[in-house]
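The values are calculated or read from the model by the stated rules, or taken from the named source; none is laboratory data. Source: prediction; values computed, not measured. In this analysis, Cβ positions are derived from the backbone assuming ideal geometry, glycine residues included, and neighbour counts consider all displayed protein chains.
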Amino acid sequence: MKFVLITLLLLSQFTHASQSNYVFGWTQLNDPDLMTPRGGTSSGPNVSLDNTRSPFWQKIQDKNLTKFEKDRLAILAMQGEYKVNFDFMETMGFVENYMPAKPYQSWGTEFVIVVEDKKNFIALQHIMVMFFEKEDGTISEPMVMKHWRQDWTYQDAYVSTFIGNSTWEKQSLPWTKRRGTWTQTVYQVDDSPRYEGFGAWKHLPNSSSWTSNETKRPLPRREASIRNDYDLIIGTNIHTITPTGWVHEQNNNKVTIDSEVVAKEIGIARYQRIKDFDWSAGYLYWEETSNFWDKVREVWDQKIKSKKIKILSNVNGSSLFLKLFLLANNYRDGDLESIDDIELIIEQHSS
């Protein structure tokens, strides 16, 4: 039950709050509300940044490597232990009487591990481990949540495209488009699909970046419960490897199902390596549940092979992610047969 409550907490607050008196943009409106970002309301202890150069980043600098070898190292360089800062802000609007939404700002702590590594395929799992400062000044017990996952495939022949109405459609990529590219497939916390894009890595003497095509995806969790004026995001993603971590940039259009753009948004997530942090609860959780989540991925892989799939996040008031997280907790507590219920749950929430 503890991990269920943790999940609900994190989905409502997402991460530790980041207090700031400065927000880039919209100062001309002289609106104090726009000067204070929304985000989590909890605070956490300070962390220590690790300013040493990542060993993967150092390997990428080897001039004797092929581009493909550098591509793989750049993807593998995203594994590690991080403080993550999230910043999102609308930059312009396209509807009558448009007023920008409050910017979003938060931060959290999570590690990224490799769960599969083949020549042309790499899967990275994100696990959040968070400590909160309580009202009396003491620090809480660690709170753990299996977070999102990203799969990278070289010269992928197919992409799953979000087409609205909680539906994803499998589309083929011609050789002229996929040659030399990697697809990045992003999955929700319950391993259901979120979005997929393709693009090529570019390596400069001290920087490696991947830029996607324009991809469609559902409303982000940070807005799904507070916005009803748009239906999907169409955006471009850039992943850049830095000496001490990596950065995920977004340039998004907030779009209605009728293809009208409500607003544009920029976003940036900075993954900075940290040290002297207690990750043990997160690694223990993954050790005790990884077989369970392996099975979840296997079932989803079979479902996603179909031409079109619709994901029902709630059925009769029951949440897909909550069912799977409860089942994972049961598995962790010794009920190994609970793994047999995965297929039934996913079947109930997809068509």
Going through (1) surrounded by fewer than 18 Cβ atoms within 10 Å (Cβ to Cβ); (2) within 22 Å of Gln184 (Cβ to Cβ); (3) touching a residue at least 40 places away in the same chain (Cβ under 8 Å); (4) of a type in the set (Val, Ile, Thr) one by one, Thr242 fails only at (1)
Filtering the stretch 81-113 down to residues that are part of a loop (DSSP other than H, G, I, E, B) and either among the charged types (D, E, K, R) or at pLDDT 90 or above (or both) yields Phe94, Val95, Glu96, Asn97, Tyr98, Lys102
The residue that is nearest to the chain's Cα centre (by Cα), considering only those in the stretch 307-334 that are within 19 Å of Leu284 (Cβ to Cβ) and surrounded by fewer than 13 Cβ atoms within 10 Å (Cβ to Cβ), is Asp333
Criterion first (modelled with pLDDT of 65 or more, over 29 Å from Ala200 (Cβ atoms) and not in a helix (DSSP H, G or I)) does Gly40 satisfy it? no
Item checked: Test result for Pro220, within 16 Å of the chain's Cα centre (by Cα), at pLDDT below 95 and not hydrophobic (A, V, I, L, M, F, W, C) -> yes
In the set Ser192, Ser140, the lone residue that is hydroxyl-bearing (Ser, Thr, Tyr) and over 22 Å from the mean Cα position of the chain (by Cα) is Ser140
When Leu124 is run through (1) within 19 Å of the chain's Cα centre (by Cα); (2) buried (at least 17 other Cβ atoms within 10 Å of the Cβ); (3) touching a residue at least 60 places away in the same chain (Cβ under 8 Å), the failure sits at (3)
When the stretch 257-283 is checked residue by residue, the ones that are surrounded by 14 or more Cβ atoms within 10 Å (Cβ to Cβ) and either in a helix (DSSP H, G or I) or of a type in the set (A, V, I, L, M, F, W, C) (or both) are Val261, Val262, Ala263, Ile266, Ile268, Ala269, Ile274, Phe277, Trp279, Ala281, Gly282, Tyr283
Residue set Thr167, Thr176, Thr181, Thr211; condition within 27 Å of Ile346 (Cβ to Cβ) and of a type in the set (Val, Ile, Thr); output residue Thr167
Within the stretch 192-215, restricting to residues that are of a type outside the set (Phe, Trp, Tyr), in a strand (DSSP E or B) and in contact with a Gly (Cβ under 8 Å, 6 or more places away or on another chain), the one that is surrounded by the fewest Cβ atoms within 10 Å (Cβ to Cβ) is Thr211
